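For reference, the structure discussed in these notes is given below.
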Amino acid sequence: MIRRSAFALVVVIALGVLTACGLLAPEASFTARHQELPAGRPICSTCHEKEQHNGAGKAYAAFDHTPTFSANHKVPALQDGATCAACHAPSFCSDCHTGKGIISPAVKLGNRPDRMSPHKAGYLTMHRIDGKIDPTGCFKCHGRANNGSCRACHRS
Amino acid sequence: MEREETVMCAPPGHPERIALRGWVTPGWVRVLFPLMSLAGAVSAQEVTAQSSTFLRFLNEPVPRITRGDQIQAIQFLGIDATGLQSDNLSLHLMGWGFGDLGRASRHEGTSDGDLSYGYLKYRFGKANAEVQAGRFTVAQAGGFEWVDGVSGRADLRGGFTVSAFGGRPVWFRGLGEPNQTDYQYQRDFIAGARVGKRFTGFGEVGMSFLQDGSKPASELGLPSAYDYTRRRAGVDFRVLVPGGIDLTGRTVWDLAKRHDGVVNPGSDSRIAEHEYTASGRIGSMVGLQGEYVARNFRSYFAGTTLPTLFKPTETGTFKAYTGKVTVEAAENLQVLVDYRHSSREVYGDANRVGAEARWKVPSRNLATGFGVHRVSAADAVLPIDTGLASLPGTKVAAFGLSHLELRAWGMLEKAPWSLSLDGLYHHFDDAKHPALAGRSYEYEVIASLGYQVSQAFRVAGDLSLGENPMYRHEAKGLLRIEYRFGTASKKEGK
């Protein structure tokens, strides 16, 4: 079953690649690396005022690092990861998004209280309250991975 | 040193239920040596490596159970190498190793290590096309996965985009084999794809699909009465409405066939998730955002590797409405007011409301923030929990979850020194809540002092003190040594 699925996947990918080569957009890719930026959260639209982002089909303002951008970075990160990669190394993301974490983001970033890092002080207590109110919030990070510690107590 | 056999002598959940193993194990070796070998082997135009070493001291005594003194050593090592043979080929690696230097501090054992990600990426010069192979994260149709496999994406003519991935879900072995029964639900194969259409200046729509696992539950090594196979389809959109309003959202359906015999009246919906957000601005000073989320537990939790916690058998849904207003009150003063109403069918309603202010004084390299939030939650009336299933209609009274949260923090930089303070306080309305051990509050204060030795080398020490229901008095120290080296340009904080 696995081999059949894997074979089917390879065939689909191969056909897809062959077909897509003729369908690829002719525009040049987004820059691999943005020039050095000053410290602090960048507001892209400051320089790219009404410019459309190459490839993303939206204004640069959509990537302005406003306070709410941090809380809602999921959509641009998923759909336009290449834009993030122009400034952020993958390790920046893995400060929080670790498949199997060894210390919580709040501890790892204990010297950066300005960054949004989950599981701050006393979360062992708070998770019992947050989990009752909204277990789907826990599921995002711990539903499929990073739940070895959860399993120690939530066993049956 | 060979790994010693796990000793389990305490009931589940007991802090003493700790795997006692030798701390120098293949966990360190299997992560760090490959990373270092690869770093030496690659011939790249630019190589950047980040090393973070943590020595963590904990005193978390649980009354009448543990003494609480622990020392942990943690090493993160990441490598980014670009220009491998070709300008477009790059390598990205991140792994970590952990060891207890004294008594065991974790349920999973006294040592561990893993590769968080490690992949080769090729970026094409056109169409934002790229392919990557190795271990990476991917998100499709509501799934967020670590995959050992391949993935690719490209922009197509006419504004279309396509992305796809396939491989095997990463197994994060945390416990010994006898304790990994839940991992049987994590399958052998995973693949997904998304096709999108972009309308320049107006937005984007997309459709995605996720298939997780190739075996039915009955053919698993540990046959299960519950079939947690995942097969999902999703639609997503982004619409830019004239006037600067930005609408994004997605709906995800659970398409897997199940014959687990679970009777859950009211949870027959195959819609796993709705998530919609609207945001916009009023002038240059005020930002608005609203969000609606609805999740059907049975469909949303399908495919979990931990069904004992995320129970796909739970009846009902979770819904939440969130509103946020951000005001740029002055040049360096920002105020965020937020409100969230949530509702979980088997539990009840909860309201979280509060505000946060952030203030910067660039001339003094000072940044500070204050926040206050109040959570008013219905006194819980919960179904009797029988493990994998709940008895419909049978309920017992539980306890109040309402609480107040206060936070204050500050950061000061005076090169080469840096100082930060962060304090968090919770006051609970109902100290009789069984999770609170009769305590009505908890707090923690973290102080950090850092010294930038050179552009690439930094040391910092954190000290935190607090009280909480779990450990009563808690003291923690952390020594942080960060070293960044290589041939690429440095970017602070990136």
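The values are calculated or read from the model by the stated rules, or taken from the named source; none is laboratory data. Note that the coordinates shown come from a computational prediction; the quantities given were computed from them, not determined experimentally. Virtual Cβ from ideal backbone geometry, glycine too; neighbours counted across all protein chains shown.
Numbers below:
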| item | result |
| --- | --- |
| Residue, nearest to the other protein chains (Cβ to nearest Cβ), within segment A:120-146, restricted to residues that are free of Cβ contacts under 8 Å to residues at least 24 places away in the same chain and of a type in the set (A, V, I, L, M) | A:ALA121 |
| Positions within segment B:267-286 being touching a residue at least 40 places away in the same chain (Cβ under 8 Å) and either of a type outside the set (Val, Ile, Thr) or within 11 Å of chain A (Cβ to nearest Cβ) (or both), in sequence order | B:SER267, B:SER269, B:ALA272, B:GLU273, B:SER284, B:MET285 |
| Of residues in segment B:438-460 being surrounded by fewer than 17 Cβ atoms within 10 Å (Cβ to Cβ) and over 24 Å from B:VAL372 (Cα atoms), the one nearest to the other protein chains (Cβ to nearest Cβ) | B:LEU449 |
| Any hit, segment B:312-322, residues being surrounded by fewer than 16 Cβ atoms within 10 Å (Cβ to Cβ), free of Cβ contacts under 8 Å to residues at least 24 places away in the same chain and farther than 30 Å from B:LYS360 by Cα | no |
| Residues within segment B:89-113 that are more than 17 Å from B:PHE136 (Cβ to Cβ) and not β-branched (Val, Ile, Thr), tallied | 16 |
| Of residues in segment A:82-105 being more than 7 Å from every other protein chain (Cβ to nearest Cβ) and in contact with a helix residue (DSSP H, G or I) (Cβ under 9 Å, 6 or more places away or on another chain), the one surrounded by the fewest Cβ atoms within 10 Å (Cβ to Cβ) | A:ASP95 |
| Count of residues meeting criterion [at the interface with another protein chain (Cβ under 7 Å from one of its Cβ atoms) and in a loop (DSSP other than H, G, I, E, B)] in segment B:305-328 | 5 |
| Conditions (1) under 27 Å from B:SER402 (Cβ atoms); (2) surrounded by fewer than 20 Cβ atoms within 10 Å (Cβ to Cβ); (3) at pLDDT below 95: number failed by B:TYR300 | (2) |
| Which listed residue, of B:LEU388, B:LEU382, is in a loop (DSSP other than H, G, I, E, B), within 12 Å of chain A (Cβ to nearest Cβ) and at pLDDT below 90 | B:LEU388 |
| Yes/no for A:ASN72 being at the interface with another protein chain (Cβ under 7 Å from one of its Cβ atoms) and buried (at least 20 other Cβ atoms within 10 Å of the Cβ) | no |
| Set A:SER149, A:SER117: member being part of a helix (DSSP H, G or I) and either under 25 Å from B:GLU328 (Cα atoms) or within 7 Å of chain B (Cβ to nearest Cβ) (or both) | A:SER149 |
| Search result, residues across segment B:92-134 that are part of a loop (DSSP other than H, G, I, E, B), aromatic (Phe, Trp, Tyr) and touching a Pro at 6+ places or on another chain (Cβ under 8 Å) | none |
| Residue match in segment A:132-139 (condition: among the basic types (Lys, Arg), part of a helix (DSSP H, G or I) and not assigned by TED's automatic domain parsing to the domain that holds A:ASP64) | yes |
| Any hit, segment A:7-22, residues being out of contact with any helix residue (DSSP H, G or I) (no Cβ under 8 Å at 6 or more places or on another chain) and at pLDDT 80 or above | no |
